[in-house]
Every structure is written in C-alpha cells, then in structure tokens.
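Notes follow the structure.
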Amino acid sequence: MPARMFVGSGAPSRPDAAPEPATLASAEESAPLRVHAARNQVGVTRHYDPAYVALAYPGGDVPIERGVCTDVVIRALRHEGLDLQQTVHEDMRTNFGAYPPLWGLRAPDRNIDHRRVPNLRRWFERQGWALQAGREPDGYLPGDLVTWTLPGGLPHIGIVSERRSGAGVPLVIHNVGHGTREEDALFAYTMTGHYRPRLD
C-alpha cells in the first residue's frame, strides 16, 4: 500500500468527523520536542541522498537539504539533547560484537554507523526502548520510533506524529525517498520494530 500524504491536521474522534481545534492544540502542545523537530524538516530536507559523507564529530550532519531516513531521527533527537552519532559510536567502540555484522567492518565508523537502521535498532534495544510492534493504532504514542522493511528489503525508520489520518491512524514523519514528509504510512510497510525513547 503506498504511503499517502496527509494534508489536514489532528485526530478526529471518528473517521468522518472534523477535529476539534482545542483537541488539536492540546495534542500538538503535548507532543515531544522531537516530533516538532522532525516536522520542521518537512520542506527543508527535500532530497533522499544515501551517499557516504565524512562528518564532524560529535554533532556531525550532512547538509540539511538532503539525507536519509535515519537523518530525520538523528536531527530530531538532537533537539532533546541526544546525539546518536556520539552515543552509538561510543557503544560500538566497547561493544562492537553486539552490533549487526552487515557491512564487513572490523571497527566502528563514526561517519556512518549511526545512519544505519540496523545499528540504531540494536542501540535502541540496548537502551531498553523496545516495545511490541502491533497493529493497534492506539499502541503508538507521539515521538515513538518505528522501523520497517521496505519492498526490496531496505530497512527504514520514522517518528510517530501526534496527528492522525481520517481513519485514526497516527501519521509518521520520515524520508522514504522524496525528502522529509508527514504521511499516513504507519502500517504501509512490514514493521520490524517499535521503540519509545526515554531521555530522562
């Protein structure tokens, strides 16, 4: 099922109901900062570009107008004080064997390790963030992180929004090939992980 761009905002109480302004305002105010930080990338990060880039460390980033799905999450979490580039690299330096051996590397690479979905999944699991990846929309809260496998086997990641589709399904903010977008795509692909960051 292709992802659908969501034009409106908010979560109606039933599929054919118009959302109440007070409900929309309350939901947006209570959404974690990472949701707003991810949404601020919409219209700014316009290109999907998986090229390997040598990054500054810590806090390194590719140019804001481009990136991949993981960059949406990395940029969003930095607004909450978590630098995945640094934390993933530090964990991989001391626990390299705990991470997926998918790229033939013998040591961590702080330029790319945090930009790979399998590595992020393992780091999230090691933080105790993993939850059941179910099919109930209400099981997903704003700011949750979700991973999928796209057609062709490509791993993917996005952030759950506080906004919902007309059917009541939470939207996701992600870059699936056309820049950062907020779309009705939570159940559009094969889900592989559901994570709830705890940043206290």
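Computed from the coordinates by the stated procedures, all read-outs in this text should not be read as laboratory data. Here the structure is a predicted model, which is why all the values come from computation and not from measurement.
Close amide H pairs (under 5 Å, H built 1.01 Å from N) link Thr192 with Thr147, Trp148, Thr149, residues at least 5 positions away or on another chain.
Secondary-structure-derived ellipticity at 222 nm for the chain, considering helices only, amounts to -7000 deg cm²/dmol, per-run term -39500 (n - 2.57) for DSSP H runs with n ≥ 4.
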